[in-house]
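*Asks:* Got a structure for you, questions after.
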Amino acid sequence: MAKANLKSFDDLFKSSEQQEKTNGISSLPISKLQPFSKHPFKRHNAEKMQELADSIEERGIIVPILVRPLENGMYEIVAGHNRVEASTLAGKADIPCDVREMDDDTAIIMMVDSNLQRETVLPSEKAWAYRYKLEAIRRKTGRKQNGVQVDTHLKGIKSKDIVADENGESAATIQRYVRLTHLMPQL
């Protein structure tokens, strides 16, 4: 016998504002979204943006964007900046969003992981993405031991090795990319 999937009493009587702030998929007004402050990835060029806008106009958004609620009632876009811009271009007022509570470091890691899967990622974008992810992992894992950043939760695995393994790169390649972020912006 199948169990009925009923909402709890509390869920039935939540205000719409309370429902909007909980985790899950929601349709949010684009006007309540703001870009991620440390987003190192470039937006699509005008031609690709128009193609995406046409697709959204024809089929809608297939994959919801990822956002996190902010204290001021707004939502920060973690992943989906191009979809938001294309939706605006297509004349949409609302967009489906996966709303998740997350701290800054988790948001950075999720933003990097979702954007590194693009077809084309510039070396400068990869460099900043790896740097942000490395810094976030280091903040989440703890302090240095004997001058080496060690993740106490992962039994001695270095942060650069985590980033390397997750992205199919060597630890040395990750370090080379991160060094690019220390160059003068003109370079």
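*Asks:* Which of (1) out of contact with any helix residue (DSSP H, G or I) (no Cβ under 9 Å at 6 or more places or on another chain); (2) under 16 Å from TYR75 (Cβ atoms) is the odd one out, the single condition THR120 does not satisfy?
*Replies:* (2)
*Asks:* So the check is Cβ under 8 Å with 6+ separation or different chains; which pairs have a first residue in segment 25-40 that's within 13 Å of GLU85 (Cα to Cα) and among the polar types (S, T, N, Q) and a second one that's open to solvent by 30 Å² or more (accessible area, probe 1.4 Å) and part of a loop (DSSP other than H, G, I, E, B)?
*Replies:* SER31/ALA93; GLN34/LEU70; GLN34/MET74
*Asks:* With the requirement that a residue be part of a helix (DSSP H, G or I) and surrounded by fewer than 19 Cβ atoms within 10 Å (Cβ to Cβ), what does segment 83-97 give you?
*Replies:* From segment 83-97, those part of a helix (DSSP H, G or I) are 83-89; that's our starting set.
Once the filter is applied, which keeps residues that are part of a helix (DSSP H, G or I) and surrounded by fewer than 19 Cβ atoms within 10 Å (Cβ to Cβ), segment 83-97 yields GLU85, THR88, LEU89.
*Asks:* Okay, next question. Scan PRO64, PRO35, PRO29 and give me the residue that is farther than 25 Å from LEU116 by Cβ and either touching a strand residue (DSSP E or B) at 6+ places or on another chain (Cβ under 9 Å) or modelled with pLDDT under 90 (or both). Outline the logic, then answer.
*Replies:* Numbers: PRO64 fails: farther than 25 Å from LEU116 by Cβ; PRO35 fails: farther than 25 Å from LEU116 by Cβ.
PRO29 is the lone residue from the list that is farther than 25 Å from LEU116 by Cβ and either touching a strand residue (DSSP E or B) at 6+ places or on another chain (Cβ under 9 Å) or modelled with pLDDT under 90 (or both).
*Asks:* Any idea which residue in segment 45-69 is farthest from HIS81 (Cα to Cα), counting only those that are of a type in the set (Asp, Glu) and open to solvent by 80 Å² or more (accessible area, probe 1.4 Å)?
*Replies:* Just the residues of segment 45-69 that are of a type in the set (Asp, Glu), to begin with: 47, 51, 54, 57-58.
Add one more test, that the residue is open to solvent by 80 Å² or more (accessible area, probe 1.4 Å), and what stays is 47, 51, 57-58.
Details: GLU47: 16, GLU51: 15, GLU57: 17, GLU58: 19 Å.
The selected residue is GLU58.
*Asks:* Which residues, counting only those in segment 98-107, are open to solvent by less than 80 Å² (accessible area, probe 1.4 Å) and not in a helix (DSSP H, G or I)?
*Replies:* First, the residues of segment 98-107 that are open to solvent by less than 80 Å² (accessible area, probe 1.4 Å): 98-99, 102-103, 105-107.
Residues satisfying the conditions are ASP98, VAL99, MET102, ASP103.
*Asks:* Residue check, SER124 against (1) outside any loop (DSSP other than H, G, I, E, B); (2) modelled with pLDDT of 90 or more, all met but one. Which one?
*Replies:* Status for SER124: all satisfied but (2).
*Asks:* Out of (1) in a loop (DSSP other than H, G, I, E, B); (2) of a type in the set (A, V, I, L, M, F, W, C); (3) out of contact with any helix residue (DSSP H, G or I) (no Cβ under 9 Å at 6 or more places or on another chain), the odd one out for MET110 is which?
*Replies:* MET110 satisfies all of (1) in a loop (DSSP other than H, G, I, E, B); (2) of a type in the set (A, V, I, L, M, F, W, C); (3) out of contact with any helix residue (DSSP H, G or I) (no Cβ under 9 Å at 6 or more places or on another chain) except (1).
The values are calculated or read from the model by the stated rules, or taken from the named source; none is laboratory data. Keep in mind that what you see is a predicted model, and the values were worked out from it rather than measured. Methodologically, a virtual Cβ is constructed for each residue, glycine included, from the backbone with ideal geometry; neighbour enumeration extends over all protein chains shown. When the accessible area is computed, the model is the full protein with side chains, heavy atoms only, and any ligands, DNA or RNA have been set aside. Shrake-Rupley method; radii C 1.70, N 1.55, O 1.52, S 1.80 Å.
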